[in-house]
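**Q** There's a structure below that I have some questions on.
FYI, it's all coordinate maths here, none of it is from the lab. Note that this is a predicted model, so its numbers are computed, not measured. In this analysis, Cβ positions are derived from the backbone assuming ideal geometry, glycine residues included, and neighbour counts consider all displayed protein chains.
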2 protein chains.
Amino acid sequence: MPSSPRCVVLLSGGLDSTTTLALARSQGFALHAITFRYGQRHENEIDAARRIADVFQVAEHIVVDLDLRQFGGSALTSDIAVPKRRAVEEMSNGIPVTYVPARNTVFLSFALAWAETLKTGDIFIGVNAVDYSGYPDCRPEYIAAYQQMANLATKTGVERTCPVQIRTPLLDLTKAEIIALGLEHGVDYSLTTSCYDPLPTGACGSCDACLLRLRGFAENNRPDPAPYAQQP
Amino acid sequence: MPSSPRCVVLLSGGLDSTTTLALARSQGFALHAITFRYGQRHENEIDAARRIADVFQVAEHIVVDLDLRQFGGSALTSDIAVPKRRAVEEMSNGIPVTYVPARNTVFLSFALAWAETLKTGDIFIGVNAVDYSGYPDCRPEYIAAYQQMANLATKTGVERTCPVQIRTPLLDLTKAEIIALGLEHGVDYSLTTSCYDPLPTGACGSCDACLLRLRGFAENNRPDPAPYAQQP
């Protein structure tokens, strides 16, 4: 039996990246998951990524340490307050304070280095341009430019032995559509964590990420199975 | 007096990046130097970068830890032998084993994150397409694609407040021309280290990097002031 083609999947432990992992699996790829410990405040994201990698029986899971705190500039990596209880319309208005400078560019670059070593060009990332359009590095034009650059950057891209494909299966989906797709593919969302400001007993239920996620489940007429610190 | 515009300079401690630092200084930039401890085998590169940053009185110097060894795949970060005593023509033939997967892409991505935080778009990198054309990520088409991607990746690029410019003043110069230019700008090359395989008492004098460097000084009718383990 020929072995499955490999792919690299960026896995944060959140809802989007876990759905992306399930979609990569459904396409027959051997899964090589990469998670970043990047100075985000919550080790529970790393724990969630490890649990998810276990449940999916990935071929390999690596956790890369990198310290974006050296650069400052974001609510997720420094002491700027996480906004709470905002209307969804307000979230999409401009670039959010939770934006981490060049984050996806840094993450994709590590994924690219690993992919080249694994002799694959397939990289999955769960970016999404619909619900949260404030991040410049979640837009289709950014992804296209990244892919073009990547094919000039690597030996295997230049030689066309493993052309780089940045695969973004969630790009045009709403949060509700992502959840519906994940449920179809058997994702257990109780394993995932999305909250920007979790409490010891669960997600806060009021940051942008919690609100978007809760709305997505509500639109599917399903309760969110993830633990919340208080009934959202 | 208005303060100088800032720039980020990738500083490895080698001849090319040090010349680039001198050129950035000559253009009136405040220098923010970034060095990577990336699992390369030689801490002396980091020491050289620190000395050079001191001598240039940079505004800031950060050393970023990242472990590319997790990915394997290069003589500079694993146990593949460094080639010795090759003819220069042979060096340019194909992609060398010292190629590190996606290295410049990873490095530029950190520089980009820092640049955005510093509110500048100017990033200097001492890549050079002439003497050592085997690295895909040292070619002008790669740099152009990186810059285009970067301007879609960042808040300040998208808003055009700090358009990203990847500045490559050495791109079309031979090693001899780089050295001549550096000497004009007062670079003390005894501070720099280029060797892929240094001994405790100095550079090996026979790896590709030593041979290219020695030829560059010879073409300038100058001795290389850097320490060598034996008379090259």
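**Q** Across peptide B:138-148, what mean number of C-beta atoms from other chains lies inside 10 Å of a residue's C-beta?
**A** Working: counts 0, 3, 1, 4, 8, 2, 2, 9, 8, 2, 5.
Other-chain Cβ atoms within 10 Å of each residue's Cβ, averaged: 4.
**Q** Still on this structure: Within 10 Å of each Cβ in peptide A:154-165, how many partner chain Cβ atoms are there on average? Round it to a whole number, please. The partial results should precede the final answer.
**A** Values: counts 8, 11, 3, 4, 6, 3, 0, 0, 0, 0, 1, 0.
Across A:154-165, the average partner-chain Cβ count within 10 Å equals 3.
**Q** Working out 0.36 nm times the residue gap between B:Ser26 and B:Leu171, then minus their Cα-Cα distance, what length gain in nm do you get to one decimal? Don't jump to the answer; show the numbers that get you there.
**A** On the way: separation 145, 0.36 × 145 = 52.20 nm, distance 1.74 nm.
50.5 nm is the gain from fully extending B:Ser26 to B:Leu171.
**Q** I would also like to ask the following. Let me check I have the definition right: for the range A:136-206, take the eigenvalues of the Cα gyration tensor, multiply each by 5, take square roots. What are those semi-axes in whole Å, largest first?
**A** Over the Cα atoms of the range A:136-206, the semi-axes work out to 33, 15, 13 Å.
**Q** Work out the P(r) tail for the range A:183-232: percent of alpha carbon pairs separated by more than 15 Å, whole number.
**A** Percentage above 15 Å: 40.
**Q** OK, next. Distances in nm, one decimal, shortest first, from B:Val130 to the same residue in every other copy, taking the label point 7 angstrom along Cα→Cβ.
**A** 5.3
**Q** Next question, about the same structure. Sequence neighbours fewer than 8 away in the same chain don't count; with that in mind, list the aspartates and glutamates whose C-alpha is under 13 Å from B:Lys155.
**A** Once the sequence-local aspartates and glutamates are set aside, what remains near B:Lys155 is A:Asp137, B:Glu116.
**Q** Sticking with this one: What are the distances, in nm and sorted shortest first, from the label point of A:Asp188 to the label points of the same position in each other copy, with each label point placed 7 Å from Cα along the Cα-to-Cβ direction?
**A** When each copy's label point is compared with this one, the spacings are 6.3 nm.
**Q** What gaps in nm, shortest first, separate B:Ala218 from its twins in the other copies when you place the label 7 Å past Cα toward the beta carbon?
**A** When each copy's label point is compared with this one, the spacings are 7.5 nm.
**Q** Residue by residue through B:178-188, how many Cβ atoms from other chains fall within 10 Å of the Cβ on average? Provide the component values of the computation, followed by the final result.
**A** Working: counts 0, 0, 0, 0, 0, 0, 0, 0, 0, 0, 0.
Partner Cβ neighbours, averaged per residue: 0.
**Q** B:Lys119: which aspartates and glutamates have alpha carbons under 14 Å from its alpha carbon, excluding same-chain residues fewer than 8 sequence positions away?
**A** B:Glu159
**Q** Could you order the peptides B:220-228, A:143-151, B:146-154, B:170-178 from most to least packed, using the average number of other C-beta atoms within 10 Å per residue?
**A** B:146-154, A:143-151, B:170-178, B:220-228
**Q** Another question about this same structure. If each of A:Glu159 and A:Asn221 carries a label point 7 Å out from its Cα toward its Cβ, how far apart are those two points in nm?
**A** Inter-label distance under the simple model: 5.5 nm.
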